[in-house]
1. List the equivalent ellipsoid semi-axes of the range 565-626 in whole Å, largest first, each obtained as the square root of 5λ for an eigenvalue λ of the Cα gyration tensor.
2. May I ask for log10 I(q)/I(0) of the range 526-632 at q = 0.18, 0.19, 0.24 Å⁻¹, from a Debye sum over the Cα atoms as equal point scatterers with solvent left out?
3. How do 572-581, 537-546 rank on mean C-beta neighbours within 10 Å, highest first?
4. What's the extension gain from V416 to D454 if we count 0.36 nm per residue and subtract their Cα-Cα distance?
5. Express in whole angstrom the spacing between the alpha-carbon centres of the range 439-483 and the range 578-632.
6. First select every other residue whose beta carbon is under 13 angstrom from the beta carbon of Y99; then total the charges, Lys and Arg +1, Asp and Glu -1.
7. Let's see if you can work this out: charge +1 on each Lys and Arg Cβ, -1 on each Asp and Glu Cβ, no other charges. What is the dipole magnitude of the chain about its Cα centre, in debye to the nearest 20?
8. Would you mind calculating the gained length between K444 and Q630 on full extension (0.36 nm times residue separation, minus the Cα-Cα distance), in nm to one decimal?
Amino acid sequence: MCGINGFIVLEDDLPDEKKLDLRVDLREMNALIAHRGPDSDGFFIKDHVGLGFRRLSIIDLSIEADQPMVNNDLGLAIIFNGEIYNYLEIKEALLQKGYSFKTESDTEVILNAYKAYGAECVKHFNGMWAFVIYDFHSKKIFCSRDRFGVKPFYYCIQDDVLFFSSELKALHAVCNLKNANHAKVYEYLAYGYRVNDGETFFENCFELLPGNNLIVLNGKIDIQRYWELRENQYQHNPNITLEQEYSALFEDAVKIRFRSDVPVGILLSGGLDSTAITKVTDRLIGSGALDQKVTQAYIASFPNFEDDETTIAKEFIKTCDHIQLKEMMIEKKELVVDFEKKLAELDHPLGSFASLAHNNIMNMCKKEGVKVVLNGQGSDEAYAGYIQYISGIFLISVLMNSPKAFLKEYRALRDVNGYSRGFLFSQMFKALINQSRASFLRAKYQEKSIEVLDRGFVKINKKHFKNSYSFSLKEDSFNKYLLHQINHQGINTILHYEDISSMNKSIEIRSPFMDYRLMEFAFSIPSAYKFSEGVTKVIQRNTIGKDLPKSITENRKKIGFKTPFLDYLKSDEGFRKMIFEILDRESFTRRKIWHAAEIRQRFEDVGKNKEFPYWRIINLEIWASAYGIQNL
């Protein structure tokens, strides 16, 4: 797990002076992302390519595994950010083909796999990655990003040079990016979305989309998709039940994510997903399937916060023989220490205040000497965990496809989960209309953010959000909606903030539920195994859930990672003072994209405007100021 930077000259007649400047740029980029890899750095420059690297040593800690890794016998050089969890199996297959290895690293496995399989190598990988390979002989540059975009790959083309990096701040520095992408700013302020469309918050700066390769040859750029999550991709074993198949997949997804030459911990909450990972880990250790005798689980507690899950987690951990619990207490004041500095370091405007809390948790893990942690990300998106957001589309799908079951499912959502009739019918209405239209209506009438934005700014940019999902009578709209959230929207926002937050503290996050096999499996089983009679993640509850306390498996309250941001605005005088100092700055009051005086009025009476996007307004202003944005 590391950070990568580099440049690719697209024209051969670059002046010598410019080539020297590129070397300086490469070193500056490496310095700016030093936090991603504090263990070592390295550079490789050959022909028209420059590669920079910062290493966080996880697998094969020796200097032989440092990067850029150059193999003159193969005629290849690589920089690689991520982990290939099944590298041992791939290595064995390559050894049988006659390939040799000098290290125990997964990086060298990628190099040999590329030599053996070419661009098809990525289809053999189970992991998270962003890597760049330079072929000395063909002069081809092969770049790739993992299936879900867990690891970032940003790029910008300037003066016939393609610059790329793991973080936007590096490109901002060397490409002098001073203009914001108005469309992305609008979508963030109005809707809170970070739509997965290849654009970034900076104008003329892009990201390689998940499941894509980028190839540069003879100055030409070719982007090719190699994978996309679809329905019915998974090839089932007809000799076992779906429950047996799921259990085996989940156990293996956890097991291979413990492959590491440094200790691996677990981020624990009182929820179903992280406790399932913890319980399976405990079982794997007990059976001897994992080498270590004990694993640390880390839980963040928020004293006096009503949704704190520490008590549930402490009760659960008593059922584990090989897991030690480490409680990390986060006081309210700690969350806002160096508030602006932290937000600027986190690279781009983030979805919620939880991002800042997550960064504090990562900092506490770092102080504990942690380098690698597992978390439960991905289960909610694939296995229908977010009842509040899926209830409408689920009921509509049931009504269309199994009308006799509608009343049973409707009553379950009311009686089991406590949703009102008005809420459920409003969610059903929302499911029927175009999502971009629904988002606009929510922004205008619920959050009331549209009225504080400049009318011209809204008019020009509101059509940019083109949603590939729409309700259909002919298809399973429920699964189609869940797929859309993974491929284009919801999970993308989470993965971005988790990567930048964790790597900001030199910590690698691994997510078993993001294993592409589990994702493909989720969309190759009947919906009833995911959501039925008001119960989410049915197959998970019916398998590993049987070994978990009922306080977890029968808990219908989906908390997520909530933090008391509005409490700060209402009751913490020091925090309010800091916020109003930001609102009084000339940079804020002179922005053309919003009406500063009206926004200030909203902040003065938070109680009357609970749905207003306070966080997004403040985060955008801090980001724009930190990066010297000139066109807002």
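1. On the way: eigenvalues 68, 33, 22 Å².
Result for the range 565-626: semi-axes of 18, 13, 10 Å.
2. -0.85, -0.91, -1.38
3. Values: 572-581: 13.4, 537-546: 19.4.
So the peptides 572-581, 537-546, ranked by packing, come out 537-546, 572-581.
4. On the way: separation 38, 0.36 × 38 = 13.68 nm, distance 4.32 nm.
Computed gain between V416 and D454 is 9.4 nm.
5. Cα centres, the range 439-483 to the range 578-632: 23 Å.
6. Working: positive: K91, K97, K102, K115; negative: D73, E92, E108.
The answer is +1.
7. Working: 82 positive and 85 negative charges, 438 e Å.
I would put it at about 2100 debye.
8. Numbers: separation 186, 0.36 × 186 = 66.96 nm, distance 2.69 nm.
The span from K444 to Q630 would gain 64.3 nm if fully extended.
Bear in mind these aren't lab numbers, they're just calculated from the coordinates by the rules spelled out. Just so we're clear, the structure is a prediction, and the values are computed from it rather than from any experiment. Don't worry about glycine lacking a Cβ; one is built from the backbone with ideal geometry, like all the others, and counts go over all protein chains shown.
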